[in-house]
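The values are calculated or read from the model by the stated rules, or taken from the named source; none is laboratory data. Small disclaimer: the values here were computed from a predicted structure and weren't measured. Reconstructed Cβ throughout: ideal geometry from the backbone, glycine too, with neighbour counts over all protein chains shown.
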Amino acid sequence: MGEDVNEGRIIIRLDPGTTLGDIESISWWANTDYGYPPHVDILLDMDGDGAFDGGKKDLVTGESLSGRDDVLVAEFAYQPYRGPGYQYSSPGVPYGHYAPDWQSSYYYPTYDVWVRTFQNATAEMGTAQVNNETVLWLYSGLPGPYPGGFFGTLSDFKEGTVSVIGDADLAEVNASTAVLEIQIEVDNWIGPAKAYVDDVAINGEMLLSELLPPEIVVNEPEAVIYESGEIPVNISARDPFGVTSIWYNVKNSAGAWVYAANRTYTSPTTMSGFLNGDYRFYAWAENALELVGVNSEIRFSVLSGGVKVDLNPDTLNLRSRGRWITARITPPEGYKAEDIDIGTVRLEFSGEIVHADWGNVEGDVLMVKFRRSAVAQILSAGDEVEIKVRGSLENGAAFEGSDTIRVIDPWKSLHMLMKRNNGVSSIGQHKGNRFGLGKSHVNQLGGKDK
């Protein structure tokens, strides 16, 4: 092999103190284009110094080294293990996927199909992950299931019972052996190979999934109707490899870009100069791997005249027994009353919401009704109470309008009056005629004391 060896590795460094006994499963999805499927190397810290010293054989060339550390290898050829024993001795009977004369065919893996770990087909059992039943071999020994090779299941290695095939020498590996790294590898030891690896997991925890572009969040603009003026722009993006740049642009309803060149985004800013119409906002972000993501979910509208709202009654008595509060909504210029989605219309005050009970179109206006008892529960008395009405158009754009009315609460007024009179009402406090004129009043009018 020597200098001609070529390989690609996914390296997963484990937490200090991780041992072979901690490893219950390793899995990934693989799609082999040609050649031999990916395998896994488990790097063992045999001398416990916390660093891999190269081991007894070079991981790339296979040349002998003087290191103390070693590697456990699990690969496609020797799975699934059926036993008994680990030495291959039955010509014509496969050892897992292995037979000596199949090497030129890479032991017949399935190509151009995503399979789990060492599967030869998506329905194959016992090969979807590396676990305690998976056959591994010690890299310092012979790589094949013949005399001189240390072969056994992961469970055997944890128990410390693996001996070299053809002899009694035990492998110096057990559950307490420290593990430094797990490496998923594609190489050309047998011949040229090309494979894709995704969704790498250890003990069921996903550690590496598909490489994705940055995640982009458009905080502003929002999916609302803006009146002509400045429109805010606020974009955030994140990516585990770091975000290198963000930019944006806007398309109008005809599909034309508003800006001849994309605008670079570095911090919150504003846009202006938009004509009345509907728009779609585009934001892009690129990461350090030069993967570009896009967010084009936000659609907004610009209208010079906003939604007009007229609430009735103009003075609302919180103790009234009336049934409805009416809102007459005039849509923005360019829209019809029919364009308002009645099911989204709601009245809002101090964070509280009352949804419209029903509504109908009357000419150019949408008339909606709110249950008065529900509205009365969220309002407070005042001479100028601003009440907002919000909703959405059929195209998804949100709108907002407001009106100011007078809200009165007679009982509250009476209570305040009683407090000023030390708790005694001035209404009907004297006995006498039906107009409340007692004796003292009659005397003052010229009556005679008795």
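Of the residues 285, 254, which is exposed (fewer than 15 other Cβ atoms within 10 Å of the Cβ) and of a type in the set (Gly, Ala, Ser)?
On inspection, the qualifying residue turns out to be 254.
Scanning for something under 18 Å from residue 24 (Cβ atoms), touching a Pro at 6+ places or on another chain (Cβ under 6 Å) and not assigned by TED's automatic domain parsing to the domain that holds residue 398, does the range 152-159 turn up at least one residue?
Looking for residues that are under 18 Å from residue 24 (Cβ atoms), touching a Pro at 6+ places or on another chain (Cβ under 6 Å) and not assigned by TED's automatic domain parsing to the domain that holds residue 398, one finds none in the range 152-159, hence no.
Looking only at the range 12-25, decide whether some residue is crowded, with 17+ Cβ neighbours inside 10 Å, over 25 Å from residue 192 (Cβ atoms) and more than 36 Å from the chain's Cα centre (by Cα).
no
From 88, 106, 78, which residue is farther than 28 Å from residue 176 by Cα, touching a strand residue (DSSP E or B) at 6+ places or on another chain (Cβ under 7 Å) and aromatic (Phe, Trp, Tyr)?
The match here is 88.
Search the range 212-226 for residues being assigned to a loop (DSSP other than H, G, I, E, B) and within 19 Å of residue 399 (Cβ to Cβ), and hand back the single one that is modelled with the highest pLDDT.
221
Checking residue 350 against (1) over 25 Å from residue 410 (Cβ atoms); (2) among the polar types (S, T, N, Q); (3) at pLDDT below 90, which test does it fail?
(1)
Is there a residue being surrounded by fewer than 17 Cβ atoms within 10 Å (Cβ to Cβ) and under 22 Å from residue 128 (Cα atoms) anywhere in the range 35-50?
For the range 35-50, residues surrounded by fewer than 17 Cβ atoms within 10 Å (Cβ to Cβ) and under 22 Å from residue 128 (Cα atoms): absent.
Working only within the range 170-193, note down all residues that are modelled with pLDDT under 95, aliphatic (A, V, I, L, M) and surrounded by fewer than 17 Cβ atoms within 10 Å (Cβ to Cβ).
Result: 190, single match.
What number of residues in the range 1-24 are part of a loop (DSSP other than H, G, I, E, B) and either aliphatic (A, V, I, L, M) or at negative phi (or both)?
9
Consider residue 140 carefully, then state whether it is modelled with pLDDT of 95 or more and within 17 Å of residue 41 (Cα to Cα).
In short, no.
I'm checking my understanding of the structure. Among residues of the range 291-339 that are basic (Lys, Arg) and over 24 Å from residue 374 (Cα atoms), which one is surrounded by the fewest Cβ atoms within 10 Å (Cβ to Cβ)?
Out of the qualifying residues, it is 336.
Do any strands (runs of 3 or more DSSP E) entirely within the range 266-324 hold 1 or more residues that are in contact (Cβ under 8 Å) with a residue 40 or more places away in the chain and touching a helix residue (DSSP H, G or I) at 6+ places or on another chain (Cβ under 9 Å), and if so, which?
The strands (runs of 3 or more DSSP E) meeting that bar are 315-317.
Do we find a residue being within 40 Å of the chain's Cα centre (by Cα) and either among the hydrophobic types (A, V, I, L, M, F, W, C) or farther than 18 Å from residue 190 by Cα (or both) anywhere in the range 80-92?
Yes - at least one qualifying residue is present in the range 80-92.
Search the range 56-66 for residues being over 25 Å from residue 127 (Cβ atoms) and either among the hydrophobic types (A, V, I, L, M, F, W, C) or buried (at least 20 other Cβ atoms within 10 Å of the Cβ) (or both), and hand back the single one that is farthest from the chain's Cα centre (by Cα).
Among residues in the range 56-66 that are over 25 Å from residue 127 (Cβ atoms) and either among the hydrophobic types (A, V, I, L, M, F, W, C) or buried (at least 20 other Cβ atoms within 10 Å of the Cβ) (or both), the one farthest from the chain's Cα centre (by Cα) is 65.
Considering each residue of the range 227-265, count those that are in contact with a Lys or Arg (Cβ under 9 Å, 6 or more places away or on another chain) and in a strand (DSSP E or B), and give that number.
So the count comes out to 8.
Looking only at the range 265-306, which residues are more than 16 Å from residue 221 (Cα to Cα) and at pLDDT 90 or above?
Of everything in the range 265-306, those that are more than 16 Å from residue 221 (Cα to Cα) and at pLDDT 90 or above turn out to be 285, 286, 292, 293.
Could you run through the range 67-106 and say how many residues are among the acidic types (Asp, Glu) and either exposed (fewer than 14 other Cβ atoms within 10 Å of the Cβ) or within 13 Å of residue 146 (Cα to Cα) (or both)?
1
Step by step: first the residues of the range 208-256, then only those that are touching a Leu at 6+ places or on another chain (Cβ under 9 Å) and among the acidic types (Asp, Glu), then the one that is nearest to residue 271 (Cα to Cα). Which residue is that?
227
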